[in-house]
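For reference, the structure is listed below as structure tokens.
The values are calculated or read from the model by the stated rules, or taken from the named source; none is laboratory data. From a predicted model like this one, the values you see are computed outputs, not experimental measurements. Neighbour counts run over all protein chains shown; Cβ positions are idealised from the backbone, glycine included.
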Amino acid sequence: MTMPQPKILMFGWEFPPIYSGGLGIACRGLTRALTDIGADVTFVVPSHIVGAQSDWMQILRADESFFQSSIDFKVFPSLLTPYVTETSYLSQWLRSPEQRVYGQTLADEVLRYASYAGDIARHTEFDVIHAHDWLTYLAGLEAKRVSGKPLVVHVHSTEFDRTGGNGANEFVSAIERQGLQEADAVIAISEYTKNIIIQQYDINPDKIVVVHNGIEEQPHQSGGESDVLETLRQYKAQGKLLVLSLGRLTLQKGIDYFLRMAKRVSEYVPNAIFLVVGSGDMEHKLISQAAELGIADKVIFTGFFRGKQIEDAYKMADLFVVPSVSEPFGLTVLESMQHGTPVIVSKQSGVSEIAFNALKVDFWDTEEMANKAIAILKYGTLHGQLSDMSREETKHHSWERAAHKCLALFRKLTHL
């Protein structure tokens, strides 16, 4: 007898092919795995991600065969974006020709999302609500209020992570606290994140289930060529060694520590080139830091990469370094390992709990970080062993495992 699967009303704010961080990739991997094992998912996203609703639906429907099931997407017009701040939101609002449609402040927009969520909940059949990160928590709570159905909030990042514990946005923290307290259950993407939720928000540990992210088998991607990639190929042909860091250029990601490590590594591996892929509010400061350290000629800032550009960067890199100050998980570590690129990752990360063939170091210990980097770059045997074992290890980090853990929680809450 087939076990009945709960119908899931899921709230997010980004989804491939358009995304700006790991959350979009995680939502794709999890929803695909959930539907592959028979779950019925209705996924709600802001339509600003791809423009008009028809464009959004067409883009996602084009990938319907990829999902091998029917995910029902519901959209509405919005200015919500991942990592948005009050200032950046207001800037977007002022530039928008349809500004009368949107709330003038970030608070207005989050509340507007919640009001739409109530309408959706009234007209959608579902058993459980699943909300991803703080921008969707009020929407999830409103859907719970309207329907009386249980709410699960999925924590991919906290305000503590994004700010390093300094200068937290009280508006964001308040929403996170409310969502975590009023949810029927909490999914944390790592033990590291679970501990932050307990310590920072005083949430009962018994209410929190840890579900580590997975990694998808990546099909070869086309397009996305750039002058930077051609330059990197020329460097590789000249015998240069490429050390890669990829992520938002923010305090959270610790790229300033990467540059300090780069200074030390360059003294022992003079043919090393350091590639910083990403964009963010620290970009100009980091460029200045590279100049002050005397390594401006060895550091390349590429801006944001996506698709094949990222794939090519992983393949060309001799080493991938993730020096995050606070990293709830770190999907890029698994992506790099999947391409056979050795990894050094901050101990202050969730992925370090499961990435057994990545080398770990405290983000602030740039001397030890440099020592490990030098060893990988100079000793081919070590590099080869890490490459082979990393690629093999990622085969065991599946989204299917994560989906089964989520479904077990949903069944417990819905008594199915």
Can you report the number of residues in region 323-344 which are on the phi < 0 side of the Ramachandran plot and either in contact with a Lys or Arg (Cβ under 6 Å, 6 or more places away or on another chain) or among the small types (Gly, Ala, Ser) (or both)? 5
Restricting the search to region 122-142, which residues are over 13 Å from Trp13 (Cβ atoms), in contact with an Asp or Glu (Cβ under 8 Å, 6 or more places away or on another chain) and surrounded by 24 or more Cβ atoms within 10 Å (Cβ to Cβ)? none
From the list Gly280, Gly254, pick out the single residue that is surrounded by fewer than 20 Cβ atoms within 10 Å (Cβ to Cβ) and at positive phi. Gly280
The condition of being assigned to a helix (DSSP H, G or I), outside the structural domain of Ser190 (by TED's automatic domain parsing), within 21 Å of the chain's Cα centre (by Cα) and among the charged types (D, E, K, R) holds, among Asp281, Asp312, only for Asp312
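Residues Leu293, Leu275: which one is modelled with pLDDT of 90 or more and either within 19 Å of Thr341 (Cβ to Cβ) or among the acidic types (Asp, Glu) (or both)? Break it down stepwise before answering.
On the way: Leu293 fails: either within 19 Å of Thr341 (Cβ to Cβ) or among the acidic types (Asp, Glu) (or both).
That would be Leu275, the only listed residue that is modelled with pLDDT of 90 or more and either within 19 Å of Thr341 (Cβ to Cβ) or among the acidic types (Asp, Glu) (or both).
Could you list, in sequence order, all residues of region 143-156 that are surrounded by fewer than 24 Cβ atoms within 10 Å (Cβ to Cβ) and outside any loop (DSSP other than H, G, I, E, B)?
Quick first cut of region 143-156, residues surrounded by fewer than 24 Cβ atoms within 10 Å (Cβ to Cβ) only: 144-150, 152.
Result: Lys144, Arg145, Val146, Ser147, Val152.
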Read through the list (1) under 19 Å from Phe11 (Cα atoms); (2) out of contact with any Ser or Thr (no Cβ under 8 Å at 6 or more places or on another chain), then give the number of the only condition that Lys194 fails. (1)
Considering only region 108-139, state which residues are free of Cβ contacts under 8 Å to residues at least 24 places away in the same chain and either within 24 Å of the chain's Cα centre (by Cα) or assigned to a helix (DSSP H, G or I) (or both). Asp108, Asp119
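For Arg233, are the conditions met, namely being more than 21 Å from His154 (Cα to Cα), basic (Lys, Arg) and at pLDDT 95 or above? I'd like the intermediate steps shown before the answer.
Numbers: more than 21 Å from His154 (Cα to Cα): yes; basic (Lys, Arg): yes; at pLDDT 95 or above: no.
No; evaluated as a whole, the condition is false for this residue.
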Filter result (within 18 Å of Lys253 (Cβ to Cβ) and of a type in the set (Val, Ile, Thr)) within region 173-201: Ile189, Thr193, Ile196
Check region 202-224 and report whether any residue there is surrounded by fewer than 16 Cβ atoms within 10 Å (Cβ to Cβ), modelled with pLDDT under 95 and in a helix (DSSP H, G or I). no
